[in-house]
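Scroll down for the structure; my scribbles are underneath it.
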Amino acid sequence: MSRLIGILALLWTLPAWAVGEVTEFTLDNGMQAVVIEDHRSPAVVHMVWYRVGAADEPPGQSGIAHFLEHLMFKGTDTLEAGEFSRIVEANGGSDNAFTSWDYTGYIQRVASDRLGLMMEMEADRMRGLALDPDDVTTERSVILEERAQRTDSSPGSLFNEQVRASLYLNHPYRIPVIGWRHEMEGLTREMALDFYQRYYAPNNAILIVAGDVDPAEVEALANQYYGPLEPTPGLGPRVRPAEPPQIADRTVTYSDPTVARPYVSITRLAPERDPGAQEEAAALTLLAELLGGGQTSLLSRVLQTEEQVSLFAGAYYDGLNYDDGSFTLVNVPVPGRSLEEAEVDLERMIARFLEEGVDAEQFERVKFLYEAGEIYAQDDVAGLARSYGVALTSGLTVEDIEAWPDVIAATTIEDVMAAAHRMFDDGVTVTGYLTRTEETTQ
């Protein structure tokens, strides 16, 4: 009860999903910048996001975006390999980087008075990366080992990789971010440099600074360090292969003796959040919460609690992408219940939802908890900055991000039910079975 009272207090005393003042500006060379003020701590998060990821890689070079992310720490004309991170640490900060299908990002968290130093170093490696051939060879071995540990040795990861490759027939979202092993083995220094020189440019980057800063000072520093960098000429909007009409359901089965909990998933393509038109995404977001977002959701309440035929059941909407995302249902059945039965259970729950609709009280509770979760998430300034970066590299604008709470609040039961019918009445599914291989004795 005390947690609920605390949430209510936040909702009553703050503007909708209140954050610090957000300021936006663009440098002459095309670099977009967003400043999010948060003066609760004398720290700052400095991020540079590039509008390029695994879905933008040249054919046959899967993994090159992630490979380049690693190589960005190998040195420039002014910094030795590894010196970037050592300087950040010596100044009491931390740094990291990450790659997805739509973006590659670099982050440092330091005291506010070190912001200029972070900009100076990040601007240096935006256009001044120096790649020693030996470093390229070493780092290629590192990413191959990373794939071995995180994907090749994980049945769940391999299964998810195969499901995704089956969901997208033509779009490069079907390619794993880490890359296919046989193509990763052939990545070269020249490939990395070509990718870097084209995409790592101010007119393809977004600067996000969040924390104890003054927007005018941030803009002055940005002009000082990033302003002189030359843009890549002719770098237009992303153009990716589109999905053809999908006309056939697919089933993916992957078995391994180490699978602890077999499960079934049913995945469909789903529209992404579009700039200026986020209503469908808002309805799908709430639909996922109503179906499988927690203990009071339909899947959990019926399959886990009432019928006790499931260890876990959930629903997930992946809509924060540049192109079409996905809507997934998952069911982990209790021991002794087959995956075929678990699949029928999911289909039965969808039919029940479409027939019975949404209880008004449950609907308001789900919206309330979703909004409260977004408010609590703002306590983490790095997480808040990251949410802006993901949205902006997915094609949304600052105005779209700020409008999202109102779009969620305006979504009605009728909107959710209409979206549910569009999602479930027709459309192609990819059904995945992750099973345990039974060991046999000779």
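The values are calculated or read from the model by the stated rules, or taken from the named source; none is laboratory data. Quick caveat, the model's predicted, so the values are computed rather than measured. Every residue, glycine as well, gets a Cβ built from its backbone with ideal geometry; the counts of neighbours run over all protein chains shown. Calculation scope for accessible area: heavy atoms of the full protein, side chains included, ligands and nucleic acids excluded. Shrake-Rupley method; radii C 1.70, N 1.55, O 1.52, S 1.80 Å.
Residues that are surrounded by fewer than 15 Cβ atoms within 10 Å (Cβ to Cβ) and closer than 24 Å to ARG198 by Cβ within the stretch 139-159 comprise just one, VAL142. A search for C-beta distances below 9 Å between a residue of the stretch 191-204 that is within 16 Å of PRO237 (Cα to Cα) and among the basic types (Lys, Arg) and any residue that is modelled with pLDDT of 95 or more and open to solvent by less than 40 Å² (accessible area, probe 1.4 Å), counting only pairs 6+ apart in sequence or on different chains, returns ARG198/VAL52; ARG198/ASN204; ARG198/THR232. Taking first residues from the stretch 370-398 that are touching a residue at least 60 places away in the same chain (Cβ under 8 Å) and among the polar types (S, T, N, Q) and partners that are open to solvent by 10 Å² or more (accessible area, probe 1.4 Å) and part of a helix (DSSP H, G or I), the Cβ contacts under 7 Å between residues at least 6 apart in sequence or on separate chains come to GLN378/LEU384.
A residue that is without any contact (Cβ under 8 Å) to a residue 12 or more places away in the chain and among the polar types (S, T, N, Q) occurs nowhere in the stretch 63-84. Among the residues of the stretch 223-257, those identified as open to solvent by less than 50 Å² (accessible area, probe 1.4 Å) and not in a loop (DSSP other than H, G, I, E, B) are ARG250, VAL252, ASP256. When you look at VAL259, is it hydrophobic (A, V, I, L, M, F, W, C) and modelled with pLDDT under 95, yes or no? It is false that VAL259 is hydrophobic (A, V, I, L, M, F, W, C) and modelled with pLDDT under 95. Do we have THR435 as surrounded by fewer than 16 Cβ atoms within 10 Å (Cβ to Cβ), farther than 18 Å from LEU284 by Cα, at pLDDT 95 or above and in contact with a Pro (Cβ under 9 Å, 6 or more places away or on another chain) here? No; evaluated as a whole, the condition is false for this residue. Within the stretch 291-318, if we keep just the residues that are β-branched (Val, Ile, Thr) and without any contact (Cβ under 8 Å) to a residue 60 or more places away in the chain, the residue that is farthest from THR267 (Cα to Cα) turns out to be THR305. On the stretch given as the stretch 382-428, residues that are among the small types (Gly, Ala, Ser), surrounded by fewer than 21 Cβ atoms within 10 Å (Cβ to Cβ), within 22 Å of the chain's Cα centre (by Cα) and not in a helix (DSSP H, G or I) total 1. Scanning the stretch 228-271 for residues being over 22 Å from GLU341 (Cβ atoms) and of a type in the set (S, T, N, Q) gives a total of 3.
For the stretch 190-199, the candidate set comprises residues that are open to solvent by 40 Å² or more (accessible area, probe 1.4 Å) and not polar (S, T, N, Q); within that set, the residue that is farthest from the chain's Cα centre (by Cα) is GLU190. If you check LEU187, LEU207 for being over 30 Å from ASP134 (Cβ atoms) and crowded, with 20+ Cβ neighbours inside 10 Å, only one passes: LEU207.
What's the number of the condition ASP324 fails, among (1) more than 30 Å from PRO172 (Cβ to Cβ); (2) at pLDDT 95 or above; (3) among the charged types (D, E, K, R)? It is condition (1) that ASP324 fails.
Exactly one residue among VAL177, VAL213 is open to solvent by 20 Å² or more (accessible area, probe 1.4 Å) and β-branched (Val, Ile, Thr), and that residue is VAL177. In the stretch 108-130, the qualifying residues are those that are open to solvent by 10 Å² or more (accessible area, probe 1.4 Å) and over 21 Å from ASN203 (Cβ atoms), and the one that is nearest to the chain's Cα centre (by Cα) is ARG109. Only one of the numbered conditions (1) open to solvent by 50 Å² or more (accessible area, probe 1.4 Å); (2) within 22 Å of the chain's Cα centre (by Cα) is not met by ALA220, and that is (2).
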